[in-house]
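The values are calculated or read from the model by the stated rules, or taken from the named source; none is laboratory data. Bear in mind that the values here come from a model prediction, so they are computed numbers and not experimental data. For neighbour counting, all protein chains shown are included, and Cβ atoms are generated from backbone atoms with ideal geometry for every residue, glycine included.
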Amino acid sequence: MDEEPLENMTLDQARAEIESLRRSLRRRERDNRVLTQMYQNAERLRQTFESEKQLQHLYNDLLLSNTPNMIILLNENQEYILGSSACARLTGARHTELSLRPFNLLFRPEIDPDWVEKMDRLTREVLESREVLRFNDTIRVDGEPDIHVRTTISPMLVGTVCHGTTVAVNDVTELMLAQQRAEEAARSKASFLANMSHEIRTPMNAIKGLSELLALTPLNQTQKNYIKNIVGSADSLISVINDVLDFSKIDANRIEIVPVAYSLNKLIDEIAGVIGLRAEEKGLHLFMEIAPDIPSHLVGDDARIKQIVLNLLSNAVKYTPSGQIVLKIAYTRTGPDQIEMVCSVKDTGIGIRPEDIPLLFDAFARVDLKANRSIQGTGLGLAISQRLARSMGGDVTIDSEYGVGSTFTLRIPQEVAEDTALAAVENPEEIRVLLVGTGARMENARRMLRELHIAHTLFGEDDSDIGLAKNLSDQSRPLPDSDDGEKFSHCLYTDIIPERDIAQLRQRLPDCRFGVLRSIINSMEEPGRTDAMLFSPLVVTELSRFLNQNRRMTTRRIKQADPLSARIQVTGAKALVVDDNRINLMVCEKMLVLGLYGLEVVSASGASEGLQLCSEQAFDILFIDHMMPGMDGVEMTTAIRSRPGPNRKAPVVALTANVANDMRSYFIKCGMDDFVGKPIDRNELARVLTEWLPPEKVTKTWTKSIG
Ligand code: ADP
């Protein structure tokens, strides 16, 4: 509004003008207040910002002066901008004195110039590549201990621009020393355990061997029982030592897995031989359900697999008061030459509480101590089994119901060495089997026949064994026909059926091949005339072998899977035994001679004496102790093999108290053929003699087992 001179205004106009001035004054005052407020806010903000910056500085300072890490910030010209106080250890100066000094002039003269030169080069590289570099390193310092460091060089990127590098050097000397000390401790623990095990095993050899020899002398029943207990206790002590030794090796990561081509049949036989007797002694039924079409030869560490399966089976025997145990071996094909073998052990035992299951594979863990009070154990078996399985690319798992039973399953990948079925029956359509007997063992045989698709008929399905026997001997009662009316080619009967009745049946079935299903325990008595004996636990390979043998081809009694009452007779063979320990030498010698096998034995108390004997006479087999003072067993073997002489090609069996499971491959690598662990086991000795002596010098006979 144009200003009108006051004197020209009317009164009303003047009033209006004053009112308008007042309004504008009020507006201005308001604006003023807002401005003041804004100014105050800005001032507060400025102050906060300042103190934040100071705080940030303070934090940075604190960090850099207190961190034990050596950190250096370099600009793009490789000059020092900032660093942590810890760097004084390398630079010998406070960081204020270092500002803008070139990197290669930062360090004290004692620091290895090669390291400085290398770091200078690497920081430039990072500046160029803009990629973080991490590496372990050792800084040598003149007159001082080395500093072991872990170094990180990173580019200092702001947006896309690289402003320099950050060098972080962490001293890990203490850590490394601690690690070295721990490794050293583990090594000495392992070697202590190995030595201790060796030291304990040597006298155990004498205790066990001498007890077994004692058992061969005339004794009354009480004395025999004492000896049986001595041998049993020695065995359990040895198995504890083995567990501890194995576990310590696994713990120290020193377990060696040695894959070789092996026969599954042999593995199963060995397992059945060990566990069958133990199960039967406890009154448990043991069944082996082996897939007949599983490849017969595989590549893997059979010794370790055997160890795991035996451990699961012996647990099943230990923790099952009554009922049955089933070992099932099945497989799935995972590739043209690859299978996953699945071995499961199922028991009707005490079972495991769900809350205990996660603990089972811990070392030394034993669960449900109330229920297991009377059962001995170290709690190492499962821990070892699982670790072993895992180191072979497999695993062990559990499924259990408390009070009902447990199933432990080992899954393990194996290569196929020979793709033929483990148990195949030739011309199955021509076979008709007559089964005579009842009970779980007969049921098991029937299951296998079904699996092999073999026609079979049970004699008097509803009869008891006694009724059966009566019917058998009753000549007027007709024999059953096979389903299609063809003649029976084979007859399988249980050892409960009286031999007299079987003899009658034999007359009525003159063309039939007879086989008896025998339990190991009751097998001490001589059976009647029969074509074959099939021992429990019956394995499908045994059954197929029986079915494949043409009827009455041989009337020689064939001893099948019963190593515990095995007795072999050796004729015209000579062995050399070399051992520096007098008692062990005697035990081995006596076991071989008196022992069981009637060998001619020559003994030597050391390698040089042994070598002398070797140059003079020929032996069929050499047993050589591994650890001997002076020349040891391996060196002695090398000497025999490399010198001309009558024993250059003789089989050499190592005798050793160091029976870790990987020893076999070790001895084979060393040019030996086999090994027998101490304490020497009769059955092992029998196995070795059968395997390595010329076949014409070994006959298997059937006699009562001792003890
Ligand atoms: P050990 O048998 O020497 O005590 P293991 O490691 O073999 O050691 O087993 C650990 C624990 O697992 C045993 O103490 C037992 O409580 C339990 N266990 C193992 N196997 C079975 C089984 N088949 N049935 C019930 N419990 C079992």
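A few notes on this one:
- Residue within segment 232-240 that is surrounded by 17 or more Cβ atoms within 10 Å (Cβ to Cβ) and under 28 Å from R518 (Cα atoms) present: no
- Within segment 333-352, the set of residues being assigned to a loop (DSSP other than H, G, I, E, B) and within 14 Å of the ligand (Cβ to nearest atom) comprises T348, G349, I350, G351, I352.
- In segment 521-539, the residues that are hydroxyl-bearing (S, T, Y) and either under 22 Å from N265 (Cα atoms) or at pLDDT 60 or above (or both): T530, S536
- Which listed residue, of G335, G300, is touching a strand residue (DSSP E or B) at 6+ places or on another chain (Cβ under 6 Å) and modelled with pLDDT under 95: G300
- In segment 489-502, the residues that are over 15 Å from S519 (Cβ atoms) form Cβ pairs under 9 Å with partners that are of a type in the set (A, V, I, L, M) and part of a loop (DSSP other than H, G, I, E, B), at six or more places apart or across chains, as follows: S489/I431; H490/I431; H490/I454; C491/L509.
- Selection of segment 208-227 for residues being over 16 Å from T656 (Cα atoms) and part of a helix (DSSP H, G or I) yields L210, S211, E212, L213, L214, Q221, T222, Q223, K224, N225, Y226, I227.
- T407 vs. criteria closer than 26 Å to D293 by Cα, more than 9 Å from the ligand (Cβ to nearest atom) and either modelled with pLDDT of 95 or more or exposed (fewer than 15 other Cβ atoms within 10 Å of the Cβ) (or both): no
- Taken together, the residues in segment 646-666 that are closer than 24 Å to L599 by Cα and buried (at least 17 other Cβ atoms within 10 Å of the Cβ) amount to 9.
- Filtering segment 387-404 for residues that are β-branched (V, I, T), closer than 25 Å to T348 by Cβ, surrounded by 13 or more Cβ atoms within 10 Å (Cβ to Cβ) and touching a residue at least 60 places away in the same chain (Cβ under 8 Å) leaves a non-empty set.
- If you go through segment 162-177 and pick out every residue that is within 15 Å of I81 (Cβ to Cβ) and among the β-branched types (V, I, T), you end up with 3.
- As a summary of the residue check, T160 satisfies the conditions (1) modelled with pLDDT of 95 or more; (2) of a type outside the set (G, A, S); (3) out of contact with any helix residue (DSSP H, G or I) (no Cβ under 8 Å at 6 or more places or on another chain) except for the one numbered (1).
- Subset tally (residues that are within 16 Å of the ligand (Cβ to nearest atom) and under 21 Å from the mean Cα position of the chain (by Cα)) for segment 275-303: 1
- Residue match in segment 55-68 (condition: hydroxyl-bearing (S, T, Y), surrounded by 10 or more Cβ atoms within 10 Å (Cβ to Cβ), touching a residue at least 24 places away in the same chain (Cβ under 8 Å) and not in a helix (DSSP H, G or I)): no
- For segment 656-680, residues that are over 22 Å from V260 (Cβ atoms) and either in contact with a Gly (Cβ under 8 Å, 6 or more places away or on another chain) or acidic (D, E) (or both) total 3.
- Residue in segment 386-393 that is over 18 Å from the mean Cα position of the chain (by Cα) and within 12 Å of the ligand (Cβ to nearest atom) present: no
Here's the yes/no breakdown for (1) of a type outside the set (S, T, Y); (2) at negative phi:
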{"residue": "I329", "(1), (2)": "yes, yes"}
{"residue": "G351", "(1), (2)": "yes, no"}
{"residue": "I357", "(1), (2)": "yes, yes"}
{"residue": "T378", "(1), (2)": "no, yes"}
{"residue": "G381", "(1), (2)": "yes, yes"}
{"residue": "S385", "(1), (2)": "no, yes"}
{"residue": "M392", "(1), (2)": "yes, yes"}
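- A654 meets all of the listed conditions (1) among the aliphatic types (A, V, I, L, M); (2) assigned to a loop (DSSP other than H, G, I, E, B); (3) touching a Ser or Thr at 6+ places or on another chain (Cβ under 9 Å) but one, namely (2).
- Hey, L585 surrounded by 17 or more Cβ atoms within 10 Å (Cβ to Cβ), among the aliphatic types (A, V, I, L, M) and at pLDDT 90 or above or not: no
- I384 in a helix (DSSP H, G or I) and either in contact with a Pro (Cβ under 7 Å, 6 or more places away or on another chain) or aliphatic (A, V, I, L, M) (or both): yes
- Test set (1) within 26 Å of M586 (Cα to Cα); (2) touching a Phe, Trp or Tyr at 6+ places or on another chain (Cβ under 9 Å) - K224 fails condition number: (2)
- Inter-residue pairs, beta-carbon under 7 Å, first within 15 Å of A657 (Cβ to Cβ) and in segment 242-253, second more than 12 Å from the ligand (Cβ to nearest atom) and part of a helix (DSSP H, G or I), 6+ apart: V244/L193; L245/L193; L245/A194; L245/S197
- Just one residue in the set A440, A363, A445 is within 16 Å of the ligand (Cβ to nearest atom) and not hydroxyl-bearing (S, T, Y); that residue is A363.
- Within segment 313-325, one or more residues are under 22 Å from R411 (Cα atoms), within 12 Å of the ligand (Cβ to nearest atom), in contact (Cβ under 8 Å) with a residue 40 or more places away in the chain and part of a strand (DSSP E or B).
- Subset of segment 446-460 (residues that are assigned to a loop (DSSP other than H, G, I, E, B) and either among the hydrophobic types (A, V, I, L, M, F, W, C) or surrounded by fewer than 17 Cβ atoms within 10 Å (Cβ to Cβ) (or both)): L452, H453, I454, F459
- Residues satisfying the stated conditions in segment 372-383, i.e. within 27 Å of F287 (Cβ to Cβ) and more than 8 Å from the ligand (Cβ to nearest atom): S374
- One residue from L434, L479 being at pLDDT 85 or above, not in a helix (DSSP H, G or I) and not small (G, A, S): L434
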